[in-house]
Amino acid sequence: MGLLDILRPYDGNSPPPADVDRHFDEVAGQVPPADLGNGIAAAFRSDATPPFGDMVSNLFGKSNPQQRAGIVEQLLRAIGPGALGSVAGGVLGRVLGGSPTAAGAAPPATITPEQASRLSPADVGAIAAHAEQHDPSIVDRAASFYAQHPTLVKSLGALALSAVLGHLRTQQR
């Protein structure tokens, strides 16, 4: 079955087919990571899926320690140093071991898996929502990050996978 055949049912008007997980696996293995990332970004922005912060919270909760650290790094780059003490009740400042209110304190260049493990999925969801408001391009960067982890993306469920595949369908015409 070719890529276009797999993507045919994802027209945005029909409910996701029962085999959306299998279709996602097949397509994720065939398209370039950049295209997959664009599809994930479309799912993050879709009105048919939960808000970006909720989806990142879900993914964070199912991630391994390295993946958790990776997405937190992406989010920190988007929110900038001034937000360390104000986002998610100041949890970032406490977790990162600095003064949560230090004006102009830059976030660390890397986050360790141990530091990321001190954040709850709810904290990360709040950070992601704040990051999206501060820098909407974080949606694309987070999607690119998660395109490297397609098995994890499957945890978002059928509607999100259908949105990814629907976006890819429009790009393959």
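Label positions at Thr151 and His134, each projected 7 Å from the Cα along the C-beta direction, are separated by 3.2 nm.
With a simple spin-label model that places each label point 7 Å from the Cα along the Cα-to-Cβ direction, the separation between Ser117 and Asp19 comes to 4.0 nm. Note on the range 129-173: with neighbouring protein chains present and a 1.4 Å probe, carbon and sulfur make up 50 percent of its accessible heavy-atom surface.
The values are calculated or read from the model by the stated rules, or taken from the named source; none is laboratory data. No experiment lies behind these values; they were computed from the predicted model shown. Every residue, glycine among them, receives a Cβ derived from its backbone with ideal geometry; neighbour counts consider all protein chains shown. Accessible surface areas use protein heavy atoms only, side chains included; no ligands, DNA or RNA. Shrake-Rupley method; radii C 1.70, N 1.55, O 1.52, S 1.80 Å.
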